1. If a residue has to be farther than 20 Å from Trp66 by Cβ, modelled with pLDDT of 90 or more and of a type in the set (Gly, Ala, Ser) to count, how many in the stretch 1-51 make the cut?
2. Restricting the first residue to the stretch 12-30 and requiring it to be closer than 17 Å to Leu46 by Cα, which pairs with a second residue that is assigned to a helix (DSSP H, G or I) and among the β-branched types (Val, Ile, Thr) meet a Cβ separation below 8 Å and a spacing of at least six or different chains?
3. Do we find a residue being β-branched (Val, Ile, Thr), in a helix (DSSP H, G or I) and surrounded by 14 or more Cβ atoms within 10 Å (Cβ to Cβ) anywhere in the stretch 21-42?
4. Show the residue pairs meeting these rules: Cβ distance below 9 Å; 6+ apart or different chains; first residue within the stretch 43-67 and touching a residue at least 60 places away in the same chain (Cβ under 8 Å); second residue assigned to a helix (DSSP H, G or I) and among the β-branched types (Val, Ile, Thr).
5. Would you confirm, using the coordinates I've provided, whether Pro6 is surrounded by fewer than 13 Cβ atoms within 10 Å (Cβ to Cβ) and touching a residue at least 40 places away in the same chain (Cβ under 8 Å)?
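The values are calculated or read from the model by the stated rules, or taken from the named source; none is laboratory data. What you see is a predicted model; the values in this text were computed from it and never measured. Cβ coordinates were reconstructed from backbone atoms using ideal geometry, including for glycine residues, and neighbour counts include every protein chain displayed.
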Amino acid sequence: MFKGMPKIFWAGTGLMYSWVFLFIILEMTIPGLPLKKVFGFPACYLYNWLFGLWIINIIISFLFYWSEEKREEKLKQEEGEI
């Protein structure tokens, strides 16, 4: 099913899952972490909503776009050489 997937897919998947598992472990080991106040609202809003849903996904989508552009550019150069 995943045969032939680009390496950037696995890097993005690894980044997302490592983020999730890091905070699962932190929430289980640090008492009261999700509900501690940061900038006036619970910490879980900051690391789940802002970073987990927005910033990390923007970074990953940019990497997917950038790597695909590089791949297409490389293919065009190879076609021109042949």
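1. 1
2. Note: pairs meeting the criteria are Met16/Ile56; Met16/Ile60; Trp19/Ile56.
3. Within the stretch 21-42, not a single residue is β-branched (Val, Ile, Thr), in a helix (DSSP H, G or I) and surrounded by 14 or more Cβ atoms within 10 Å (Cβ to Cβ).
4. Qualifying pairs under 9 Å: Ser67/Ile8.
5. yes
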